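One structure below.
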Amino acid sequence: MNDKKRCIAILSSGGDAPGMNAAIRAAVREGIARGCRMLGVQRGYQGLIDNEVIELELRSVSDTIHRGGTMLYTARCDEFMYPEGQQKALATLKAHGADALIVVGGDGTFRGALDLHRLGVDIVGIPGTIDNDVACSEYTIGYDTSVNTVIEMVDRLRDTAQSHERCSVIEVMGRKCGNIALSSAIATGATAILVPESEFDYERDILDRLAFTRSMGKRHFIIIAAEGIFGERQRFVSSANMASAIEIDTGIPTRTTILGHVQRGGSPTARDRITASEMGFMAAELLATGRGNRILAVRNGKVCDLDIEEALAAERSFDFSLYHMAQELSL
Ligand code: F6P
């Protein structure tokens, strides 16, 4: 490494997640501590293409660790999927003297980062998405906060379902991943858990389960369904469609709640603040010492760094033993 101050850019991409600000803060503070110039790219890869770049100083990230969302904004960017867009992004980095980039986001963000890596940019990826669906990591920033938000919402819904002796269908986020549904269902004692990772059988998973628990004296029912089980080619196109069918088939008054984007907001939990701080710190440390092209991950409960190609080749796993435990406990 020559004596020239390294210039590191940082961006957030994809769905925002509580804790992204804590990661940005730690990366900026450690980068400056190591003598680097830190740049913030606003609005993800679109901002890189459009040259939306700001200087980040120690004070730029003050009073952010507790705030959800991302101070650098985020956006989804189709243009970056094409070589022309990637070349514009590269030109922006070069124009600012940045040859290193920290990206905070999910698997889609990392695939974009790999393209820049292949164009010679030193990359470090930080897994930040509420879905917890980044294959190479046990954990993604934002997940704990999101699950705790869902738990609070489900506990509230249980009060009214119990009072009216109703069935409450609650649709949670996660794209094609059922982790938010699984964790929140265990924590709230849901009667049924529907995840994309397990083949959905309406009669077995819903009708038989409601009939059995009802015969055991249950008078209100909580069904947590991951959004990924619904769609044009699925048994039900929507949670509302499934709720109607349940009411018709069981005679139990049924209501549906799509929690939507409340799952993305809120002040990050301690776990998210600490994990994000560790990852932001490590990202800056790696790039300041010339060790780029890494994806940060949680493995065996510890933050570590993986080769970018190895990380992106990882297969996502789902904890079926936890899923079966949840199914047993909820009867
Ligand atoms: O990837 C995070 C996520 O919240 C998913 O769980 C959800 O399906 C998606 O983003 C929603 O995307 P948008 O915020 O663009 O509507």
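The values are calculated or read from the model by the stated rules, or taken from the named source; none is laboratory data. Just so you know, these numbers come straight off a predicted model, no measurement behind them. With ideal geometry, Cβ positions are generated from the backbone for all residues, glycine too; neighbour counts draw on all protein chains shown. Protein only, heavy atoms only, side chains kept; ligands, DNA and RNA dropped before computing areas. Shrake-Rupley method; radii C 1.70, N 1.55, O 1.52, S 1.80 Å.
Is it the case that some residue within the range 171-186 is of a type in the set (A, V, I, L, M, F, W, C), more than 10 Å from the ligand (Cβ to nearest atom) and surrounded by fewer than 23 Cβ atoms within 10 Å (Cβ to Cβ)? Yes - at least one qualifying residue is present in the range 171-186. Quick check: is even one residue across the range 253-261 within 16 Å of the ligand (Cβ to nearest atom), within 25 Å of Y73 (Cβ to Cβ) and open to solvent by less than 40 Å² (accessible area, probe 1.4 Å)? Looking for residues that are within 16 Å of the ligand (Cβ to nearest atom), within 25 Å of Y73 (Cβ to Cβ) and open to solvent by less than 40 Å² (accessible area, probe 1.4 Å), one finds at least one in the range 253-261, hence yes. Just checking, does the range 47-62 include any residue being surrounded by 23 or more Cβ atoms within 10 Å (Cβ to Cβ), within 20 Å of F110 (Cα to Cα) and either touching a Lys or Arg at 6+ places or on another chain (Cβ under 6 Å) or in contact (Cβ under 8 Å) with a residue 40 or more places away in the chain (or both)? Yes: one or more hits. Looking only at residues that are free of Cβ contacts under 8 Å to residues at least 24 places away in the same chain and among the charged types (D, E, K, R) in the range 1-46, which one is nearest to V104 (Cα to Cα)? Per the criteria, the residue is K4. Does the range 88-100 include one or more residues that are within 27 Å of F281 (Cβ to Cβ), among the small types (G, A, S) and touching a Cys at 6+ places or on another chain (Cβ under 6 Å)? Scanning the range 88-100 turns up at least one residue that is within 27 Å of F281 (Cβ to Cβ), among the small types (G, A, S) and touching a Cys at 6+ places or on another chain (Cβ under 6 Å). Looking across the range 187-204, the residues that are open to solvent by less than 10 Å² (accessible area, probe 1.4 Å) and within 16 Å of the ligand (Cβ to nearest atom) come down to L194, V195. Of the residues making up the range 263-280, not a single one is over 25 Å from S163 (Cβ atoms), open to solvent by less than 40 Å² (accessible area, probe 1.4 Å) and free of Cβ contacts under 8 Å to residues at least 60 places away in the same chain. When R214 is tested against (1) touching a residue at least 60 places away in the same chain (Cβ under 8 Å); (2) open to solvent by 20 Å² or more (accessible area, probe 1.4 Å); (3) over 22 Å from E152 (Cβ atoms); (4) in contact with a Ser or Thr (Cβ under 9 Å, 6 or more places away or on another chain), exactly one condition is not met: (1).
Just checking, how many residues over the range 63-77 are farther than 21 Å from Q263 by Cβ and buried (at least 18 other Cβ atoms within 10 Å of the Cβ)? Talk me through it step by step, then tell me what you get.
Quick first cut of the range 63-77, residues farther than 21 Å from Q263 by Cβ only: 63, 77.
From the residues that got through so far, the ones that are buried (at least 18 other Cβ atoms within 10 Å of the Cβ) too are 77.
Of the residues in that region, 1 qualify.
Can T250 be described as surrounded by fewer than 21 Cβ atoms within 10 Å (Cβ to Cβ), assigned by TED's automatic domain parsing to the domain that holds T64 and not charged (D, E, K, R)? Don't jump to the end; show me each part of the working.
Values: surrounded by fewer than 21 Cβ atoms within 10 Å (Cβ to Cβ): yes; assigned by TED's automatic domain parsing to the domain that holds T64: no; not charged (D, E, K, R): yes.
When the stated conditions are applied, T250 does not pass them.
Across the range 149-170, the qualifying residues are those that are more than 13 Å from A192 (Cα to Cα) and hydroxyl-bearing (S, T, Y), and the one among them that is most open to solvent (accessible area, probe 1.4 Å) is S163. Identify all residues within the range 301-316 that are in contact (Cβ under 8 Å) with a residue 12 or more places away in the chain, closer than 24 Å to I186 by Cβ and exposed (fewer than 13 other Cβ atoms within 10 Å of the Cβ); write none if there are none. Within the range 301-316, G301, E315 meet the criteria.
A single member of G105, G112, G85, G120 is open to solvent by less than 70 Å² (accessible area, probe 1.4 Å), modelled with pLDDT of 95 or more and under 20 Å from the mean Cα position of the chain (by Cα), and it is G105.
Candidates in the range 117-138 are the residues that are within 15 Å of the ligand (Cβ to nearest atom), out of contact with any Pro (no Cβ under 7 Å at 6 or more places or on another chain) and in a loop (DSSP other than H, G, I, E, B); of these, the one that is nearest to L296 (Cα to Cα) is A135.
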